[in-house]
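Everything below concerns the one structure shown next.
The values are calculated or read from the model by the stated rules, or taken from the named source; none is laboratory data. The structure displayed is predicted, hence computed values, not measured ones. Virtual Cβ from ideal backbone geometry, glycine too; neighbours counted across all protein chains shown.
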Amino acid sequence: MIALIKGNVVSYTSDKVVIETNGVGFEVFYPHTNELHLHEDISIYTYMHVSENDINLYGFSSLEEKELFLRLISVKGIGPKIAMNALTSHTYNEIVIAIEQSNVDFLKKMPGIGNKSASQIVLDLKGRLVPTEVNVKKKDDNLSQPARDTLEALKNLGYKQGDLNSILYIFNENPNLSTEEYLRLALRAIRK
């Protein structure tokens, strides 16, 4: 299975990108083609879907996004194209929060998802996903200002919310450090 592709953007459409790596062009369904630029180097996580008539690659900007896609396609009646359309039309956090809040009306507005499918998504996935934004707000309410400054700095450096969630324990276990000390500890933990 192809799990990750690093390469150069050769072309893209509204829903696909062709990435050239080592002389081979991979065509990948990708929900964020509006953020791409020709000839830029990118790295995307992928899922290879094999069916009776097709072999397709689906690409994601983060492991969390890929995990959400895999969970969506595990729901009866939701195939890869519908799951990809959901990720194209809404953000990871919007989808997860809608599932956790049983917001069927929000889910059924996504392309290809009706009332029955939206209800099935909530039934199958509620409680199995952690909404990143909601989770972080609860956990960082008691953080010191240097800890909050460190989180903001890491976001500005491009670290994903999943990485930041995984290091919140550092701030809670060390309540009285400076921003510099938090930054050192956080970077060390993320690299592991």
Out of the residues in the stretch 39-55 that are charged (D, E, K, R) and not in a strand (DSSP E or B), which is modelled with the highest pLDDT? Glu40
Which members of the stretch 23-50 meet the condition of being out of contact with any strand residue (DSSP E or B) (no Cβ under 8 Å at 6 or more places or on another chain) and farther than 20 Å from Glu67 by Cα? Gly23, Val24, Asn34, Glu35
Can you tell me which residue is farthest from Thr88 (Cα to Cα) among those in the stretch 109-127 that are part of a helix (DSSP H, G or I) and small (Gly, Ala, Ser)? Ser119
Select, from Val50, Val28, Val17, Val9, the only residue that is touching an Asp or Glu at 6+ places or on another chain (Cβ under 6 Å) and aliphatic (A, V, I, L, M). Val9
Scanning for something without any contact (Cβ under 8 Å) to a residue 40 or more places away in the chain, surrounded by 18 or more Cβ atoms within 10 Å (Cβ to Cβ) and more than 14 Å from the chain's Cα centre (by Cα), does the stretch 28-48 turn up at least one residue? yes
Filter the stretch 87-104 for residues that are touching a helix residue (DSSP H, G or I) at 6+ places or on another chain (Cβ under 8 Å) and over 16 Å from His32 (Cα atoms); the one that is surrounded by the most Cβ atoms within 10 Å (Cβ to Cβ) is Ile99
May I ask you to list the residues in the stretch 1-48 that are of a type in the set (Ser, Thr, Tyr) and over 20 Å from Leu63 (Cα atoms)? Ser11, Tyr12, Thr13, Ser14, Thr21
Selection count where residues are among the small types (Gly, Ala, Ser) and within 19 Å of the chain's Cα centre (by Cα), scope the stretch 112-131: 1
From the option list Glu180, Glu173, Glu133, single residue qualifying as of a type in the set (D, E, K, R), farther than 23 Å from Thr91 by Cβ and modelled with pLDDT under 85 is Glu173
Anything in the stretch 56-86 that is in a helix (DSSP H, G or I), charged (D, E, K, R), surrounded by fewer than 18 Cβ atoms within 10 Å (Cβ to Cβ) and touching a residue at least 24 places away in the same chain (Cβ under 8 Å)? List them, or say none. Lys81
